[in-house]
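Structure first, commentary second.
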Amino acid sequence: MASFAEAAAMRRAIALSAAGLGTTSPNPPVGCILLSPSGRIVGEGYHERKGEAHAEAQALAAAGRLASGATAVVTLEPCNHQGRTPPCRQALIDAGIRRAVVAVIDPTSRGEGGVAELRRAGIDVETGVLAGEAEIVLGDWLAGQRTWRPVITWPYLITGQGLGQLPPDTSEARQLRLNSDAVLGADGTVWEAVPGSHGKGILALQDPPLGDGAAAAAALYDGGVRRLLLDGGLPVAVPFLDAGVVDRVVACLPYGNASSRPAAEPPWPLLPPGFVITGTTRTEAFVRVEGRPGTLR
Ligand SMILES: [Zn+2]
């Protein structure tokens with residue numbers, strides 16, 4: 001069973017892994033902590049960008065020779081394939097790791113991934129540790145492995161005049177972009193949400209079939225997008241809503257002195273049909289209402 005220090009390290013690894021959201025795709029955002037036999041952190045890291053060092057490699061580099069005999073605490077099963085970087089399971093073996101604590105098993109490994117190789121090398125491995133908490137960060141990547149499309153978020157502004165695009169200079173819009181891989185604008189252009197993360201200004205998409213939400217989503221997934229933000233008001237969202245591939249909506253309601261306003265006929269419901277409220281927050285300018293597909297209770 002994972003020790004208290006290992007569970008604490010896993011939560012820190014989960015938090016670190018979230019720093020890679022928006023820049024690691026199509027790779028997963030992963031965090032790794034190395035603990036000395038006495039439970040002290042000797043190295044930590046997270047996967048920051050596609051093509052750059054994985055979380056385990058970052059942590060091993062930070063720990064240096066202190067990695068020998070350490071416990072590796074990782075949010076996702078260490079990779080087992082030679083990609084742009086060498087497989088992490090081999091780096092952990094070579095560094096002399098004695099024990100590995102893993103939250104989520106890579107669904108593509110089919111029991112023959114990094115964990116199997118670590119065990120074969122004589123390393124004590126425990127899996128499923130805080131898996132549910134790790135999935136809070138890894139969930140969108142894991143969903144893509146099942147659906148072959150990005151997780152799609154649609155933010156919008158809702159006023160007495162109707163439903164419109166969330167102003168791009170608001171903190172809500174900036175925060176949503178930071179957590180996304182790509183932004184689909186009103187003109188059908190797909191931009192990378194965090195400039196530089198995919199190595200070019202605009203994702204190279206050959207004529208994505210934007211009239212068909214499901215086909216567009218699949219094309220964007222093939223282009224490496226795992227988290228897509230729709231940023232063009234209702235016209236951009238409609239094909240995706242019709243295809244049933246919008247996973248989250250963020251409705252922003254300006255609130256100043258709302259209770260003194262005369263009652264008005266709302267031109268649009270707060271959430272699209274079939275969506276339920278999953279959270280609300282008051283921000284500086286808006287009441288932010290998050291919704292997901294679901295059933296009323
Ligand atoms: Zn790796």
Point to revise | Surface accessible to a 1.4 Å probe, Ser171 within the full protein complex, Å² | key: 60 Å²
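What's the longest uninterrupted piece of the chain once you rule out the GluC sites (Glu not before Pro) that are loop residues per DSSP with at most 14 other Cβ within 10 Å?
Working: sites that count: Glu112, Glu284.
With a cap of 14 other Cβ atoms within 10 Å, the longest stretch comes to 113-283.
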Review point. With a ≥ b ≥ c the root eigenvalues of the C-alpha gyration tensor of the stretch 1-139, is it rounded (a/c under 1.5), prolate (a/b larger than b/c) or oblate?
Key: rounded
Study note, to complete from the structure: Rounded to the nearest 0.05, FRET efficiency between Met1 and Ala214 (Cβ-Cβ, R0 51 Å) equals 0.70
Check your understanding: Looking at the square roots a ≥ b ≥ c of the eigenvalues of the Cα gyration tensor of the stretch 14-57, which shape do they give, rounded for a/c under 1.5, prolate if a/b is larger than b/c, or oblate?
Key -> prolate
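Take Ser38, Ser109 and sort them by solvent-accessible surface of the protein heavy atoms, 1.4 Å probe, largest at the top. Before the final figure, lay out each step's value.
On the way: Ser38 100, Ser109 20 Å².
So the residues, ranked largest to smallest area, are Ser38, Ser109.
Where Lys and Arg each count +1 and Asp and Glu each count -1, what net charge lies around Asp247 among other residues with Cβ under 12 Å from its Cβ? Don't jump to the answer; show the numbers that get you there.
Working: positive: Arg149, Arg226, Arg227, Arg248, Arg292; negative: Asp140, Glu290.
With Lys, Arg at +1 and Asp, Glu at -1, the neighbours total +3.
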Exercise for review: Mind ranking 162-170, 273-281, 24-32 by how tightly packed they are, going by the mean number of other C-beta atoms within 10 angstrom, highest first?
Suggested key: 24-32, 162-170, 273-281
Exercise for review: Find how much the distance from Thr159 to Val276 grows on full extension, using 0.36 nm per residue of separation minus their present alpha carbon separation; answer in nm with one decimal.
Suggested key: 40.2 nm
Review point. Roughly what % antiparallel, to the nearest 5, for the DSSP beta bridges in the chain?
Key: 60 percent
Check your understanding: Just how far, in whole angstrom, is the stretch 1-54 from the stretch 139-181 if you go by their alpha carbon centroids?
Key -> 26 Å
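Determine the relative contact order of the chain: mean sequence separation of Cα pairs under 8 Å and six or more apart, normalised by residue count, in whole percent.
Working: 640 pairs, mean separation 43.6, N = 297.
In percent, rounded to a whole number, it is 15.
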Study note, to complete from the structure: Taking every other residue with Cβ under 12 Å from the Cβ of Gly291 and scoring Lys and Arg +1, Asp and Glu -1, one gets +1
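The values are calculated or read from the model by the stated rules, or taken from the named source; none is laboratory data. Treat the numbers as computed from the prediction; the structure is a model and nothing was measured. Note that each Cβ is placed from the backbone with ideal geometry, even for glycine, and that neighbours are counted across all protein chains shown. These area figures cover heavy atoms from the full protein model, side chains too; ligands, DNA and RNA do not enter into them. Shrake-Rupley method; radii C 1.70, N 1.55, O 1.52, S 1.80 Å.
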